[in-house]
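The values are calculated or read from the model by the stated rules, or taken from the named source; none is laboratory data. The model shown is predicted, which means the values in this text are computed figures rather than measured ones. A quick note on method: Cβ atoms are made from the backbone with ideal geometry, for glycine too, and the neighbour counts reach across all protein chains shown.
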Amino acid sequence: MGWLSEAIRAQGNDIGGAITNTPTRQRMIDLKAAYRQALDSIRGDASLSELGRQQLMARAWRNTKDELARLGQVDFDTQVARFNELERQVFGASTVSGADAVSFRDATDRADKLENADAALRALGNAELSGDAILAKAIVMRAWLAGWNPVVDQYAVNHPTVTDKLVELGTLRENLDSAASRLAGGIAGALARPTEIANLSLAEIQDYANADPSRTLEAVQLARTRGEATPQEETEARRQER
């Protein structure tokens, strides 16, 4: 394992912590906590019938699941944008123009022809000795994309000003690979169902979530005295009173 890999996996990697402890991630954590509290509140609501509890739980589960999926995509997109920006800063030629831009394209063509890490290490050493910073960047970019970690490690040692950016890039790449798999599998929006609706189909859950929650006969009778019972509740109450 090279220096860069060790830095990425270090327990004290503050960069990795900053990537995973984002405001969006915290919102997802808070949302799950609010979901659990909502379920407890629904279970303790004596005015709801058993069906009514299922209906409100279905609504809470569906809405929370959808919002978690949305936030997961937002978090993923934010990390992709940061990854692309860091790649431009470390490897790119955003500040070059004219003859330098031509040199960068030429350097990229030369780096692309490197076939293995040993060849890239030799080429990087020669570029550094000759002061060819543009070629050195192109070689390291080739190594980064090919996964030739010893080459990237060597560049990081010689250029401490980009060390933190390389560590952040490596951490982001691992996170994004994992996040892409989760998004593809729908895991980002995964949320455990309460046992009360565990056996319902997705179509049934959708119907339950869209329905007005059913109340107990006692709650409907109380609502009658206040003039708050809905026509549907009146019909259901009369049916139960027979």
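Applying the criterion of being of a type outside the set (A, V, I, L, M) and either surrounded by fewer than 17 Cβ atoms within 10 Å (Cβ to Cβ) or not assigned by TED's automatic domain parsing to the domain that holds ARG173 (or both) to the residues of the range 68-82, the residue that is nearest to the chain's Cα centre (by Cα) is GLN73. Could you check the range 145-159 and list, in sequence order, the residues that are out of contact with any Gly (no Cβ under 9 Å at 6 or more places or on another chain) and within 14 Å of ARG173 (Cα to Cα)? Within the range 145-159, LEU145, ALA146, GLY147 qualify. Could you tell me which of the residues GLY125, GLY131 is on the phi > 0 side of the Ramachandran plot and at pLDDT 85 or above? Only one candidate qualifies: GLY131. Is there a residue being at pLDDT 80 or above and within 24 Å of ALA46 (Cβ to Cβ) anywhere in the range 179-191? No, the range 179-191 has no match at all.
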